[in-house]
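Everything below concerns the one structure shown next.
The values are calculated or read from the model by the stated rules, or taken from the named source; none is laboratory data. Quick caveat, the model's predicted, so the values are computed rather than measured. Note that each Cβ is placed from the backbone with ideal geometry, even for glycine, and that neighbours are counted across all protein chains shown.
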Amino acid sequence: MLLAIDIGNTSITLGLFKSDKIDAHWRLSSNSERTSDEYGILLVQLLERAGASSGEIKDIAIASVVPPLTGTLERACLDYLGALPLIVDAGTRTGIKIRYEDPKHQVGADRVVNAAAVRRFHKGPACIVDFGTATIFDALSAEGDYLGGAIAPGIGIASEALFLRTAKLPRVEIMRPPSPIGRNTVHSLQSGLLYGYVGLVDGMVNRFRAELGPEMKTIGTGALVELIAKETRSIDIVEPWLALQGLKIVYDLNRTR
């Protein structure tokens, strides 16, 4: 069995593969103050809930954009699962031709594993929209090459900034308001955040399509993708666990090397 771990700035997603498909998946909050022992105990408990023992995990793959947590999770895997993880980085074989400037230092592992999954399952040309701490747009050519993309502040960052930088605006749950025209402050904030980001997605996807061609597919992923996808006409395919699928592909590619 393979345990795939994608470490982001806001959340850590984990997926257990018993074959080529995800058998179980989880999303944890990213917390750099947790020790490797705390994460190790969490891993064992999650696996037990999925009907797997720690001794059955022989294969582990990690993609991370949070260097301090990379080492913490690596140690947890070694101490509690007895397996050395594959850490996806600039030297890892991914099967993706990257046409970004300075790819070894400027393309995050999350973007690469997302691209690997889209190339395998959906082909190119494609636009990947990842709703995480940042909202990231990535482009794949018709040949499946990674071309680059665009990065905008995530909807959570925007919400938190409004709360922190204004005197009277409250912190609100990001959800669909009763109407785009808010009749109170909470609904006005929810409208501006949700529909504002829908407009951002629609606008950016249209610009990517102008570059990549009308046959371009748009794949949405990330923690908030299902909320956004319901409101936008731009996302063709919703894949909440895309990075985990990409990690499985990259791990298999390196295992058979």
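Does any residue of the range 195-216 turn out to be out of contact with any Asp or Glu (no Cβ under 8 Å at 6 or more places or on another chain), buried (at least 19 other Cβ atoms within 10 Å of the Cβ), charged (D, E, K, R) and not assigned by TED's automatic domain parsing to the domain that holds N9?
Within the range 195-216, not a single residue is out of contact with any Asp or Glu (no Cβ under 8 Å at 6 or more places or on another chain), buried (at least 19 other Cβ atoms within 10 Å of the Cβ), charged (D, E, K, R) and not assigned by TED's automatic domain parsing to the domain that holds N9.
List the number of the failed condition for L162; all other conditions in (1) in contact (Cβ under 8 Å) with a residue 12 or more places away in the chain; (2) part of a loop (DSSP other than H, G, I, E, B) hold.
(2)
Farther than 27 Å from R171 by Cα and touching a residue at least 60 places away in the same chain (Cβ under 8 Å): which single residue out of I219, I228 fits that description?
Only one candidate passes the filter, namely I219.
Against the conditions (1) buried (at least 16 other Cβ atoms within 10 Å of the Cβ); (2) acidic (D, E); (3) in contact (Cβ under 8 Å) with a residue 40 or more places away in the chain; (4) not assigned by TED's automatic domain parsing to the domain that holds D145, where does D79 fall short? Just the number, please.
Every condition holds for D79 apart from (1).
Can you tell me which residue is nearest to the chain's Cα centre (by Cα) among those in the range 14-36 that are closer than 12 Å to L73 by Cα and either crowded, with 16+ Cβ neighbours inside 10 Å or not assigned by TED's automatic domain parsing to the domain that holds T72 (or both)?
Looking at the filtered set, the residue picked out is L14.
Out of I228, I235, which single residue is under 14 Å from C127 (Cα atoms) and surrounded by 21 or more Cβ atoms within 10 Å (Cβ to Cβ)?
Result of the check over I228, I235: I235.
Report, ordered by the first and then the second residue, all pairs with beta carbons closer than 6 Å, sequence separation of six or more or different chains, a first member in the range 48-65 that is surrounded by 13 or more Cβ atoms within 10 Å (Cβ to Cβ), and a second member that is among the acidic types (D, E).
Correct list of pairs: A63/D6; A63/D110; V65/D110.
Take the conditions buried (at least 20 other Cβ atoms within 10 Å of the Cβ) and not in a helix (DSSP H, G or I) and apply them to I219. Does it pass?
In short, yes.
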